[in-house]
Amino acid sequence: MNVFLWILQAVLAAMFAAAGVLKSTQPKEKLAKSLPWVEDFSPGTVKFIGVAELLGAIGLILPAVTGIAPILTPIAATALAVVMVLAAITHARRKEPSAIAFNAVILIMAAVVAWGRFGPYSF
């Protein structure tokens with residue numbers, strides 16, 4: 001199970017790091033072509049979301065690898081799960097069911113990491 005959690009952490013970290021870098025470095029107008037939901041938010045909010053996702057990705061891996069404050073790993077997973085709940089709410093409001101399904105899958109992955117690292121497979 002520990003290996004499975006590490007794989008989930010790596011996959012989530014890669015996904016959130018890529019998304020975070022994209023949202024925090026690209027202008028809102030360019031993002032709107034592939035991420036239409038950004039039209040509902042200010043450029044500052046979109047960049048904030050990107051930075052939060054990037055920090056969450058770092059938090060999934062770095063504390064556990066270094067052994068410095070490893071409690072931050074399940075906290076990061078929990079925070080990213082909350083981000084996915086908020087994203088699903090945004091997509092529900094915009095009537096985008098396929099995006100909600102994607103958010104739900106990522107939410108479940110993050111919740112499993114949080115459960116495992118807070119509980120029986122903590123560091």
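Readers should treat all values here as calculations from the given coordinates under stated rules, not as data from a laboratory. Quick caveat, the model's predicted, so the values are computed rather than measured. Methodologically, a virtual Cβ is constructed for each residue, glycine included, from the backbone with ideal geometry; neighbour enumeration extends over all protein chains shown.
Can you name the helices (runs of 4 or more DSSP H) wholly within the stretch 10-122 that have at least 3 residues being surrounded by 19 or more Cβ atoms within 10 Å (Cβ to Cβ) and out of contact with any Cys (no Cβ under 7 Å at 6 or more places or on another chain)?
Numbers: elements: 28-31, 43-66, 72-93, 97-118.
Qualifying helices (runs of 4 or more DSSP H): 43-66, 72-93, 97-118.
Considering each of T73, T45 in turn, give the residue that is within 16 Å of F123 (Cβ to Cβ) and of a type in the set (V, I, T). I'd like the intermediate steps shown before the answer.
Numbers: T45 fails: within 16 Å of F123 (Cβ to Cβ).
Result: T73 is the single residue among T73, T45 that is within 16 Å of F123 (Cβ to Cβ) and of a type in the set (V, I, T).
For the stretch 7-53, which residues satisfy the criterion of being touching a Leu at 6+ places or on another chain (Cβ under 7 Å), free of Cβ contacts under 8 Å to residues at least 40 places away in the same chain and either of a type in the set (S, T, N, Q) or under 16 Å from V105 (Cβ atoms) (or both)?
S24
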